[in-house]
Amino acid sequence: MAPHATSPPTNQGSHFPSITVLASSRAVVSGGLTEATIVISNTTGKITAIFHSVLPPTDFPPGTPYTDYSPYILLPGLVDAHVHLNEPGRTEWEGFWTGTRAAAFGGVTTVIDMPLNAIPPTTTVEGLKVKVEAAKGKCWVDVGFYGGLIPGNAHELKGLVREGVRGFKGFLIDSGVEEFPAVTSTDIELAMAELKDESTTVMFHAEMIPPITASVGDDVLTSAPPLAPTGPLTAYSTFLDSRPPSFETYAIAEILSLAHLAPDLQLHIVHLSAVQAIPMLKEARAKGVKITAETCFHYLSLAAEGIKDGDTRHKCCPPIREQSNQDALWEELLRDQSDGVIKTVVSDHSPCTPNLKLLPASVDPRQQEEHKVDTPFAELEQEASMNKAEEQGNFFSAWGGISSVGLGLPILWTEGLKRNPDFSVEEIVRWCCQNTAKQVGLEKTKGDLGVGFDADVVVFDDEGTFMVEPSTMLFRNKCSPYENKTLKGVVRETYLRGQKVFTREAGFQEKQGPRGKLLLEPRTMSVGR
């Protein structure tokens, strides 16, 4: 428990205030809702004391910065453990500056960057160093990094652990970018041999095409459009049919068959979509396999039945499934967490330039302008543009990925209240703060409001609403299935290690500039189930 007030802290005669004090009648402290007064060291950026009541400013030395945010809720900063920032190499898709501003806007104070789609990918120590150099001076929140598992890089994995990556990710199916190929079972065996005694997490994009025979051919390892589509390629139902739940369950079965090779290694399934995989994961955990799963904001708020023809903003892999599947994911999240399989909820923010989404003008009128060409080579470019126009709305040709970093807190709050008027923000803190911090080995400093933790604090207006529009999508490309949706829950202010970095009224602290740190300390904590 946090300490209770005995005597107020002193400034020890310093002219510069040594502490900042934040208070509210509602705060989520150690996972529970309570009154709280939070004392923050201005030197270390750490929380030094928490009192389970709202103390008046007179309890602190004159000149102490003090704000009572009642009735808004003070939350720990969210830890989004699955974000594609893409810089360098594909910075036009997303970058550290824009991606981390979008995060801060939504109360996310820590993001963990995926090893793709940057060029080079983070699959070597040198690739990580290039990524780190590109990130310096651009991060508005703290940023950690994952390493990648690809064929032939097993010898790089221990070096990446020493350099501070928070975990590793590999694909069991085509990733969509040639510089990050899928791994085979042999590759996974080599990776497990290298990492079996390391304090890290090995994560998998768990989709594979089930074989039609006992022999293993190339079609098992690569993703391709169906040979006989069940309908028009602009119909979402056709795309959904092409990636059934069996893709996920087959891949997870393959992973579980190899788990015995590294029994102490934490395994993790990223962006779990198909509820059919939950029983097999639960059975494995009951047998002692160290495996967890995450799901995403879009799987918990979007359903296949509501996706219009050609609206490729909804394309992602694994796909957004039916409403009944969404309901079952919520049931799993809300069950007793000692038995639950899905521990975390993340964005999997996987953006691209709008033209790669191939949105038809009927869905997004802004696309109409892209087909107007006026250059010295207008005739040739118009022909190329028209060829591209023929692909508009094609779910199989469009880039797969949902843009949502910084929108997760209001998405979950909106959807949770729809399901249960008594839905508690404590659940979101568990999924998106405490458990995500634990997933990446930051549970001693991030994801909670507690003494000794970084003072990453979010001021959350649980009654406020806003519409998702370009001005509230701070990621680089304003292309998201959430556009024009009204969400409940507004982040009023975001603190990073005790420093206010964003307010809804005034925006960002531009004069101070980005204050985010790169989290490169090697993991030392054990990773639990």
Check your understanding: Restricting attention to the range 124-152, which residues are of a type outside the set (A, V, I, L, M) and open to solvent by less than 10 Å² (accessible area, probe 1.4 Å)?
Key -> 127, 131, 139, 140, 142, 144, 145, 146, 147, 148
Point to revise | Flag for residue 436 being open to solvent by 10 Å² or more (accessible area, probe 1.4 Å) and in contact with a strand residue (DSSP E or B) (Cβ under 6 Å, 6 or more places away or on another chain) | key: no
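Can you name every residue in the range 14-46 that is among the hydrophobic types (A, V, I, L, M, F, W, C) and at pLDDT below 95? Full working, then the answer.
Going through the range 14-46, the residues among the hydrophobic types (A, V, I, L, M, F, W, C) turn out to be 16, 19, 21-23, 27-29, 33, 36, 38-40.
Residue satisfying the conditions is 16 alone.
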Revision key, fill the gap. The one condition residue 480 fails out of (1) farther than 30 Å from residue 92 by Cβ; (2) in contact (Cβ under 8 Å) with a residue 60 or more places away in the chain; (3) of a type in the set (Gly, Ala, Ser) is (1)
Check your understanding: Got at least one residue in the range 507-528 being out of contact with any Gly (no Cβ under 7 Å at 6 or more places or on another chain), assigned to a strand (DSSP E or B) and buried (at least 22 other Cβ atoms within 10 Å of the Cβ)?
Key -> no
Practice item. Scan the range 390-416 and report the pairs whose first residue is of a type in the set (Asp, Glu) and whose second residue is outside any loop (DSSP other than H, G, I, E, B) and open to solvent by 10 Å² or more (accessible area, probe 1.4 Å), with Cβ atoms within less than 6 Å and a gap of 6+ or a chain change. Key: 415/301
Check your understanding: Pairs under 9 Å by beta carbon, first residue closer than 26 Å to residue 420 by Cβ in the range 309-331, partner open to solvent by 10 Å² or more (accessible area, probe 1.4 Å) and of a type in the set (S, T, N, Q), six or more apart or different chains?
Key -> 325/276; 326/301
Exercise for review: Within the range 339-349, identify whether any single residue is on the phi < 0 side of the Ramachandran plot, of a type in the set (Ser, Thr, Tyr), assigned to a loop (DSSP other than H, G, I, E, B) and surrounded by 23 or more Cβ atoms within 10 Å (Cβ to Cβ), and answer yes or no.
Suggested key: yes
Point to revise | Selection count where residues are outside any loop (DSSP other than H, G, I, E, B), open to solvent by 10 Å² or more (accessible area, probe 1.4 Å) and closer than 25 Å to residue 116 by Cα, scope the range 389-419 | key: 0
Point to revise | Output for the range 258-311, where each listed residue is over 22 Å from residue 441 (Cα atoms) and outside any helix (DSSP H, G or I) | key: 273, 274, 287, 302, 303, 307, 308, 309, 310, 311
Exercise for review: Looking for whichever is at positive phi and modelled with pLDDT of 95 or more here; the options are 144, 152. Which one fits?
Suggested key: 152
Review point. Among the numbered criteria (1) surrounded by fewer than 23 Cβ atoms within 10 Å (Cβ to Cβ); (2) over 20 Å from residue 347 (Cα atoms), which single criterion is violated by residue 485?
Key: (2)
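Does residue 59 qualify as being at pLDDT 95 or above and over 20 Å from residue 491 (Cβ atoms)?
Values: at pLDDT 95 or above: yes; over 20 Å from residue 491 (Cβ atoms): yes.
In short, yes.
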Exercise for review: For residues that are open to solvent by 10 Å² or more (accessible area, probe 1.4 Å) and either assigned to a strand (DSSP E or B) or among the aliphatic types (A, V, I, L, M) (or both), tally how many sit in the range 236-257.
Suggested key: 3
Exercise for review: Find all pairs meeting these conditions: Cβ atoms under 7 angstrom apart; at least six residues apart or on different chains; first residue within the range 234-258 and under 26 Å from residue 313 (Cα atoms) and without any contact (Cβ under 8 Å) to a residue 60 or more places away in the chain; second residue of a type outside the set (Ser, Thr, Tyr) and part of a helix (DSSP H, G or I).
Suggested key: 249/276; 249/277; 249/280
Check your understanding: Quick one: is residue 311 over 20 Å from the mean Cα position of the chain (by Cα), open to solvent by less than 20 Å² (accessible area, probe 1.4 Å) and at pLDDT below 95?
Key -> no
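From 422, 456, 448, 461, grab the single residue that is at pLDDT 95 or above, open to solvent by 20 Å² or more (accessible area, probe 1.4 Å) and touching a strand residue (DSSP E or B) at 6+ places or on another chain (Cβ under 6 Å).
On the way: 422 fails: touching a strand residue (DSSP E or B) at 6+ places or on another chain (Cβ under 6 Å); 456 fails: open to solvent by 20 Å² or more (accessible area, probe 1.4 Å); 461 fails: open to solvent by 20 Å² or more (accessible area, probe 1.4 Å).
That would be 448, the only listed residue that is at pLDDT 95 or above, open to solvent by 20 Å² or more (accessible area, probe 1.4 Å) and touching a strand residue (DSSP E or B) at 6+ places or on another chain (Cβ under 6 Å).
The values are calculated or read from the model by the stated rules, or taken from the named source; none is laboratory data. Since we're looking at a predicted model, the values are computed, not measured. All Cβ positions, even for glycine, are placed from backbone atoms using ideal geometry, and neighbour counts span all protein chains on display. Accessible surface is based on the protein model in full, side chains and every heavy atom, while ligands, DNA and RNA are left aside. Shrake-Rupley method; radii C 1.70, N 1.55, O 1.52, S 1.80 Å.
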